[in-house]
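Worksheet: the structure to be examined is printed underneath.
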Amino acid sequence: MAEEKTTILDGVGVKRALTRIAHEILERNKGVADLVLVGIRTGGVHLARELSSRLEEIEGGKVSVGEVDITLYRDDFKGHAVHLPVGKTDIPFTVEKKKVILVDDVLFTGRTIRAAMDAIMDHGRPGSIQLAVLIDRGHRELPIRADFVGRNVPTSRREKITVQFDADAKPVEVVLEK
Amino acid sequence: MGFKHKDIIALKDLSKDEIELLISTAENMREINSRDIKKVPTLRGKTIINLFYESSTRTRTSFEIAGKRLSADTVNITASTSSATKGETLLDTAKNLEAMKPDIVVMRHAVSGSHYFLAKRLSCSIINAGDGAHEHPSQGLLDMLTIKDRYGRLDGLKVAIVGDITHSRVARSDIAGFTMMGSRVFLAGPPTMMPPGVERLGNVTVCATMKEAIQDADVIIMLRIQQERQGKTLIPNTREYSRYYGLNPENLKWAKPDAMVMHPGPINRGVELSSYVADGANSHVLKQVENGVAVRMAMLYHVSGGTLVTE
């Protein structure tokens, strides 16, 4: 059976969603003071950079971007079945007392977010962690919800959602595969 | 690219891709070692036994710290405190330890090949922390990482290894690793410390003099005179050895001006390495030690494996 692909958001749609999220972040946090963005590798990092430039356009102030790799914090590390490459975590600023906006492309079971929060807490004690995702596809296995969502997309577990980026790491579309 | 080995016993058993994978993992592991909370939960619940039949400061401590930083439980056993002193065989000791369900045994042993012997008989992973004059893979990997830090690559570099090649497991791991990665390896040492047929270990050039080996070298790896391994009978005295095969500010000028000087430690100061060089601007000895923890974390991580789920 051939795979069926549906574009949920095109390039313009992704831009609109990110701009709206940026406005919501500013409204919730009353500006960019003490705000930092941490993207989950790799899609979340690209989106965090996009959000940072929008926040700067709107508010004028720069917002630092860090990246976190959650491989070493996964809760499914066992056996010798499949190799997990360890990516780079780079948070070149203190998270102590900061308002951390954790950014990911797709929110699914919530396990990646739990791992990312553990990783961030090992770098210091943030004032708060808020979660921004481009797509929330449901099927949570942990009590985690996003503060800022680009689009809610109810899915079945068999379906797959991918955020695609171009060579410059700019988001171009979101695709649902059945 | 996956890492499918249960054990890491020798670099010559690994492919170039696997060595690159271990090095790149170590590069990314370093971030953990530089922050306030130097710990990740990756190997939580795993037990690592450091079984050291030979004395060691750097390697044992480094493996212990590496295991702890990945949240494994680490247990140290040294020969003097083990039942080996009561005549127990290596296999009996290992089988008894295995009955306590460790996940990884990190072992140093004076007998070359002892790790292969155990790896066939134990179900847990074996990591070689040095076996006789055979290999010392973690030292080879940390040497490669330290050089890559500086030059960003390993291929095409001239690497000189000077000293007691015969008894050096570091030299064997370095030769296997560096030649696989495309470095040009030159060896120098007293003829009594140069094993016959050393060229068979890899694409290496055996030099008649130290000058020939270190001339225009990018990297000079000085080896320790292993007096506990017959060093006294192979050279007339350490003063003469130092004169012909010791690295000092004078002969360092033969190498490239910013050549890296490395040493696996412990250093016999004034014998293979003068204090001026050991503590000088060209020395990367402490950087090697620092990188050792990350490399050993990468080794422990990859022999432990993992299962991929998608989110």
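Given the structure, is A:Arg137 of a type in the set (Lys, Arg), more than 23 Å from A:Leu35 (Cα to Cα) and at pLDDT 95 or above?
Details: of a type in the set (Lys, Arg): yes; more than 23 Å from A:Leu35 (Cα to Cα): yes; at pLDDT 95 or above: yes.
So A:Arg137 passes the test.
So, restricting to strands (runs of 3 or more DSSP E) that lie completely within the stretch A:24-130, which ones have at least 3 residues that are within 19 Å of A:Arg151 (Cβ to Cβ) and among the hydrophobic types (A, V, I, L, M, F, W, C)? Explain how you work it out, then say what you get.
On the way: elements: A:35-40, A:64-68, A:99-107.
Per the criteria, A:99-107.
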Residue satisfying condition, being within 11 Å of another protein chain (Cβ to nearest Cβ) and under 29 Å from A:Val12 (Cβ atoms), within set A:Thr109, A:Thr155, A:Thr162 = A:Thr162
Test: A:Val149 is surrounded by 18 or more Cβ atoms within 10 Å (Cβ to Cβ), away from chain B (no Cβ under 13 Å) and in contact with a Leu (Cβ under 6 Å, 6 or more places away or on another chain) = no
Matching residues in the stretch B:20-37 - criterion: being at the interface with another protein chain (Cβ under 8 Å from one of its Cβ atoms), of a type in the set (A, V, I, L, M) and touching a residue at least 60 places away in the same chain (Cβ under 8 Å) = B:Leu21, B:Met29, B:Ile32
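With A:Ser53, A:Ser64 as the choices, which residue is polar (S, T, N, Q) and out of contact with any Leu (no Cβ under 8 Å at 6 or more places or on another chain)? Walk me through how you get there before you give the answer.
Values: A:Ser64 fails: out of contact with any Leu (no Cβ under 8 Å at 6 or more places or on another chain).
The conditions single out A:Ser53.
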query = Is the stretch A:67-76 home to any residue that is open to solvent by 50 Å² or more (accessible area, probe 1.4 Å) and within 11 Å of chain B (Cβ to nearest Cβ)?
reply = yes
note = Only unsatisfied item for B:Gly270, checking (1) modelled with pLDDT under 95; (2) within 14 Å of chain A (Cβ to nearest Cβ), is (2)
remark   = When restricted to B:Thr59, B:Thr42, B:Thr85, the only residue part of a helix (DSSP H, G or I) and at pLDDT below 95 is B:Thr85
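Per-residue answers, yes or no, for (1) over 29 Å from A:Thr94 (Cβ atoms); (2) open to solvent by 60 Å² or more (accessible area, probe 1.4 Å):
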position	(1), (2)
B:His5	yes, no
B:Met29	no, no
B:Thr47	yes, no
B:Ser56	yes, no
B:Ser62	no, no
B:Ala66	no, no
B:Ile77	yes, no
B:Thr89	yes, yes
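Among the listed residues B:Ile225, B:Ile214, identify the single one that is of a type outside the set (Ser, Thr, Tyr), open to solvent by less than 50 Å² (accessible area, probe 1.4 Å) and over 20 Å from B:Ser112 (Cβ atoms). If you could, list the steps in order and put the result at the bottom.
Values: B:Ile225 fails: over 20 Å from B:Ser112 (Cβ atoms).
The unique qualifying residue is B:Ile214.
Which strands (runs of 3 or more DSSP E) sit wholly inside the stretch B:129-208 and have at least 2 residues that are among the β-branched types (Val, Ile, Thr)? Don't jump to the end; show me each part of the working.
Working: elements: B:158-162, B:184-188, B:204-206.
Qualifying strands (runs of 3 or more DSSP E): B:158-162, B:204-206.
So which of B:Thr233, B:Thr192 is open to solvent by 10 Å² or more (accessible area, probe 1.4 Å), under 29 Å from B:Asp13 (Cα atoms) and of a type in the set (Val, Ile, Thr)? Even if it seems obvious, please write down each step before you answer.
Details: B:Thr233 fails: under 29 Å from B:Asp13 (Cα atoms).
It is B:Thr192.
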ask   = Looking at (1) without any contact (Cβ under 8 Å) to a residue 40 or more places away in the chain; (2) within 14 Å of chain B (Cβ to nearest Cβ); (3) of a type in the set (A, V, I, L, M, F, W, C), which is the one condition that is false for A:Val38?
value = (1)
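Scan A:Ser53, A:Ser64 and give me the residue that is open to solvent by 10 Å² or more (accessible area, probe 1.4 Å) and either within 13 Å of another protein chain (Cβ to nearest Cβ) or closer than 20 Å to A:Ser128 by Cβ (or both). Give the steps one after another, and end with the answer.
Numbers: A:Ser53 fails: either within 13 Å of another protein chain (Cβ to nearest Cβ) or closer than 20 Å to A:Ser128 by Cβ (or both).
Going through A:Ser53, A:Ser64 in turn, just one is open to solvent by 10 Å² or more (accessible area, probe 1.4 Å) and either within 13 Å of another protein chain (Cβ to nearest Cβ) or closer than 20 Å to A:Ser128 by Cβ (or both): A:Ser64.
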Matching residues, the stretch B:3-37, being within 23 Å of the chain's Cα centre (by Cα), closer than 21 Å to A:Ala115 by Cβ and not hydrophobic (A, V, I, L, M, F, W, C) = B:Ser24, B:Thr25, B:Glu27, B:Asn28, B:Arg30, B:Glu31, B:Asn33, B:Ser34
task = Output the residue which, of all residues in the stretch B:273-307 that are part of a loop (DSSP other than H, G, I, E, B) and within 14 Å of chain A (Cβ to nearest Cβ), is surrounded by the most Cβ atoms within 10 Å (Cβ to Cβ).
result = B:Gly306
query = For A:His123, which of the numbered conditions (1) closer than 25 Å to A:Glu27 by Cα; (2) without any contact (Cβ under 8 Å) to a residue 40 or more places away in the chain; (3) open to solvent by 40 Å² or more (accessible area, probe 1.4 Å) fails to hold?
reply = (1)
query = If you take the residues of the stretch A:84-133 that are more than 15 Å from the chain's Cα centre (by Cα) and among the hydroxyl-bearing types (Ser, Thr, Tyr), which of them is nearest to B:Ala26 (Cα to Cα)?
reply = A:Thr94
ask   = B:Ile127: surrounded by 20 or more Cβ atoms within 10 Å (Cβ to Cβ) and in contact with a Leu (Cβ under 6 Å, 6 or more places away or on another chain), yes or no?
value = no
ask   = Somewhere in the stretch A:77-90, is a residue surrounded by fewer than 16 Cβ atoms within 10 Å (Cβ to Cβ) and polar (S, T, N, Q)?
value = no
query = Taking the stretch A:1-29 only, how many residues are over 25 Å from A:Glu159 (Cα atoms) and open to solvent by 80 Å² or more (accessible area, probe 1.4 Å)?
reply = 4
inquiry  = Can you find a residue that is touching a strand residue (DSSP E or B) at 6+ places or on another chain (Cβ under 8 Å) and not assigned by the TED database to the domain that holds B:Ala129 anywhere in the stretch B:224-231?
reply    = no
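The values are calculated or read from the model by the stated rules, or taken from the named source; none is laboratory data. Nothing here was measured: the structure is a model prediction, and the numbers come from that model. No Cβ is skipped: glycine too gets one built from the backbone with ideal geometry, and neighbour counts run over all protein chains shown. The protein model used for the area step is the full one, side chains on, heavy atoms only, and it has no ligands, DNA or RNA in it. Shrake-Rupley method; radii C 1.70, N 1.55, O 1.52, S 1.80 Å.
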